[in-house]
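Below: one structure, written as structure tokens.
Every number here is computed from the coordinates shown, using simple stated rules; none is lab data. Since the model is a prediction, treat every value here as computed from it, not as a measurement. Because the Cβ atoms are built from the backbone with ideal geometry, glycine has one as well, and the counts that use them run over all protein chains shown.
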Amino acid sequence: MTGKRIALLGLLLSALAGTSPSGKLSIEARVAPDRVAPGETATLTVEVGYRGLNLPEVGAPAIAGVQVERGGTAQNLSILNGSVTRTSTTVFRLTPRGEGVIPIPPLVIAVGNDRAQSSPLTLTVSNTAPRAKPPVPGTLPPGATPSGRPEIFVKAVADRSRAYWNQQVTYRLRLYSRVDVLGDVDWKPPSANGFWTESLGPPRQGRVRVNGVEYAVMEWPSALFPTRTGALTVGPARIRCRVARVIQPPDPWSMLAVPDIVPQDVQLDTEPLTITVDPLPANAPPGFGGAVGNFHLAFHVDGLSARAGEPVTARATIAGAGNVPSIRDPEIHARGASREYVVGTSTRLERTNDVLSGERERDMAFVADQPGTLEILPVRFVWFDPEARSYRWQSSEEVMVRVTPDSTGGAATAPLAAGGAAIAASRSTPGPMGTLTLDPPGSSVALFGSSALLLGAGLLAGRARRRRDRDPRWARQRALEPLLTRDLEAAESLAGTGEPAKAAALAEEALLKGAGLRYDVEIGGVARPERERALKARGAGEAEIAELESLFAALHAIAYAPPETRRADAKEAIAAGRRTLERYRKELLT
Amino acid sequence: MSRIAALFLLALLATPAAAKTAPDAAALYNRGSDALRRGDLGPAVAQLLAAHRIDPRARDIRTNLAIARSRVEEREGGDQTSTRIPSALALSAPESWNVAGALAAMGALLLVLAASRRGLLILGGSVFAVGALFGIGLLLRAREEVLHPSAVVVAPMLEVLPAPEERPVSPYLLGAGEEVRLGATRGDLVQIRVGGNTIGWARRSGLWRVDEAPRYTASSGSK
């Protein structure tokens, strides 16, 4: 066996054992349990060791068909005879999504050139696997806590399981913990259909002994008021928090093997509670407005005499413990008042000793415009006392207020306008009539309709114009126009003023351009044979070409003939040229 | 040309002959002013708002409406020291609609003419767009008025409470003369909206709709 083969064999063996070739780096993975039922969770524990300071981190393995969640990491450092060794233990939760044998690939770590990988593992997911016991609400899953002495649990309690409609039920959500709770505790109140809820203050903390074990306890109190009768359910409340969990070091013989603290997120649900809600006894006294609890009524009038036009304010105060926010204010009425109005209402709540209490005030103002007596009628308040299981009521005395004439002896006058502006006088003539709705009148509907029609017509006209502009025959016909209106008219004018040579040259030029536009060919400055060929190629007939050439020849000759002989000829040739161009224009239009 | 256009606009702006049953701005104004002198702020604001809708440029209506509003603010503890009179540059709803329609029609006409004169294209398009946008704005305003009509609190103090099935809270109080919008109705209750938000339910009898102001007389009221 050669040295190379020995080295290779050593490398293979060390890789299988999860140790790097140098022996400094090691990794070991194990899964427990290795056989689970669908939906259950297995734990993958990965231990990494390194003789040195650079301890590599282990990433979450990618396993097909498995949800991998990192649980936490504990680290340890030991120095022995000057040699530093670091180890870490990382926990992953594996939740398979389907059945079958799931291979867990080797986990690879590296420090510099040192590489180590764990052995491949398998996780069997089968319906035949023994199922773990479901976790008991309020406790951590088995294995995480010692039995009988849970480290952390929640409990919901109600001070009564039977209550009357609208009677307060005090609900307390408590979190018991023997481990340190890190940071804030997130709590979700229970679903309480059929109740309205009032918080009874911020969470409280304390310490209690449960089964001989001391726990730190947090409590969230709230008041529930049933608004329906029958068996009502207060759903589970949920608490999410982070606890400090102690993990024992993997190397108990290490000098510095102190336990590590790993944060762990915990979610706990309470059990639902059932409250039986009884209806209130029948035959409630008149004036009962739904108040349930223990109340008393106070009534106060701000004066027993007032001037006409001055308001007299009466205040009814209901105070006590019970469903203060939902009770109906007592009615306050008066006889002899010209006007009455609600000045204000207010509610004050207290939460002392976990009992919702407080008071409601209602202020009514009565104004008598005429002197005499203002009679404020007795105020009656009825409530149901759940402890006495009976209705109770309280009435105020009737109050008589003496109304004296005002200082002017007449009715109260309106105050002056703000800012000194005087109220404008009334009108004696009818004003404009109109409508108070904001809907469009018929005229504007007609305008919008006609504008829509016009817009459509404009769009159609624009479209037709654009199409015409794109037509080459139309463009040529338009180019022909100035030859007739400008060039030939100028030629005729020159011929009339004794300049036939110039006139003939100008007419010849216009005729050349016109023929070119008619047959869509450039013939200006081209020799006669080429011109004839070009015109023929563009569809001009032999007779047409001959007529054109004859005209060109005539105009050419006039341009170079003696002046005294060419004046009449020029006029005649120009007229012939005009006729030809007008014919071309007609042909282009058709 | 400009004279013809001006005449055309004037003809369009002229409010069409109102039917005999159409409310009279002067009658509404007189009722509102009487209520204002009595110190009855709710009916005063409601009647003057209705009068202002018909005749928004009338100085006396604008003045008294501003006084009524400032008194409402004063009573609510506002520190307003001067009366802000609404602008005279205002159009009634039919006038606004007619202006918008006229602008749209003129723009469309210019667009038709632009088929032969290219220079009119941008002008016509702009005028039409202004008219159309103005019209859309008016349409949205009219739709809001139909869905959530304007109303004025006429009760001296109106309690706005949650719906009976909602969690009870302290009532929201509105004073006479406060302008709100109404929502759905349920029995004697109507939903109250302020600034686009629903604040609760109140008795219908404590409110007057502005578009129904002519129905109410001096003897109408709320306690």
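What is the gain in length, in nm to one decimal, between residue A:180 and residue A:213 on full extension, counting 0.36 nm per residue of separation less the C-alpha to C-alpha distance? List each step's numbers first, then the result.
On the way: separation 33, 0.36 × 33 = 11.88 nm, distance 1.49 nm.
Separation in residues times 0.36 nm, less the Cα-Cα distance, equals 10.4 nm.
What are the ³J(HN,Hα) values, in whole Hz, obtained from phi via the Karplus relation 6.51 cos²θ - 1.76 cosθ + 1.60 with θ = phi - 60°, for each residue of the range A:441-456 in sequence order, with x given for Gly and Pro?
Calculated HN-Hα couplings, in order: x, x, 5, 6, 4, 5, 5, 5, x, 5, 5, 5, 5, 4, 4, x Hz.
If all Cα-Cα distances of chain A are sorted into 10 Å bins from 0 onward, what percent lands in each bin, rounded to whole numbers?
3, 9, 10, 9, 7, 7, 7, 7, 8, 9, 10, 9, 4, 1, 0
What distance in nm separates the simple spin-label points at residue B:184 and residue A:338, each placed 7 Å from Cα in the Cβ direction?
Each label point lies 7 Å from its Cα, and together they span 4.2 nm.
Subtract the Cα-Cα distance of residue A:586 and residue A:331 from 0.36 nm times their separation in residues, and report this length gain in nm to one decimal.
82.0 nm
Along the Cα-to-C-beta direction of residue A:453, a point sits 7 Å from the Cα; which residues of the range B:96-128 have their amide N less than 20 Å from that point?
Residues passing the 20 Å test: B:98-115, B:128.
When every alpha-carbon pair in the range B:150-215 is counted, what percent end up more than 18 Å apart? Please list the in-between numbers first.
Details: 588 of 2145 pairs.
Here the tail beyond 18 Å accounts for 27 percent of pairs.
If the cut-off is a Cα-Cα distance under 20 Å, which aspartates and glutamates reach residue A:502, setting aside same-chain residues fewer than 8 apart in sequence?
Within reach: A:487, A:489, A:492, A:549, A:564, A:569, A:572.
Sort the range B:93-147 into rounded, prolate or oblate with this rule: let a ≥ b ≥ c be the square roots of the eigenvalues of the Cα gyration tensor; rounded if a/c is under 1.5, and if a/c is not under 1.5, prolate when a/b is larger than b/c, oblate otherwise. Could you put the intermediate results ahead of the total?
On the way: a/c = 4.41, a/b = 3.03, b/c = 1.46.
Prolate shape, in that a/c is at least 1.5 and a/b is the bigger ratio.
Would you calculate, for chain A, the mean residue ellipticity at 222 nm contributed by helices, counting each DSSP H stretch of 4 or more residues as -39,500 (n - 2.57) and dividing by all residues, to the nearest 500?
Values: 8 runs with 139 residues, N = 590.
My calculation for chain A gives -8000 deg cm²/dmol from helical runs alone.
Counting alpha carbon pairs within less than 8 Å and at least 6 residues apart, what relative contact order, in whole percent, applies to chain A?
On the way: 1174 pairs, mean separation 49.0, N = 590.
This gives 8 percent for chain A.
Could you check the spin-label model distance between residue B:205 and residue B:84? Points 7 Å from the Cα along Cα→Cβ, value in nm.
Each label point is offset 7 Å from its Cα along the Cβ direction, giving 3.6 nm.
Say R0 is 25 Å: what FRET efficiency, to the nearest 0.05, do residue A:191 and residue A:321 get from their beta-carbon distance? Please list the in-between numbers first.
Details: r = 26 Å, r/R0 = 1.04.
The calculated FRET efficiency here is 0.45.
Let me know the mean shielding of A:341-347 by other chains, meaning the per-residue number of their Cβ atoms within 10 Å of its Cβ.
Working: counts 9, 7, 3, 5, 6, 2, 4.
Mean shielding count: 5.
Residue by residue through the range B:89-98, which ³J(HN,Hα) values in whole Hz follow from phi under the Karplus form 6.51 cos²θ - 1.76 cosθ + 1.60 (θ = phi - 60°), with glycine and proline marked x?
Here the 3J(HN,Hα) series is 7, 9, 10, 6, 4, x, 5, 4, 4, 5 Hz.
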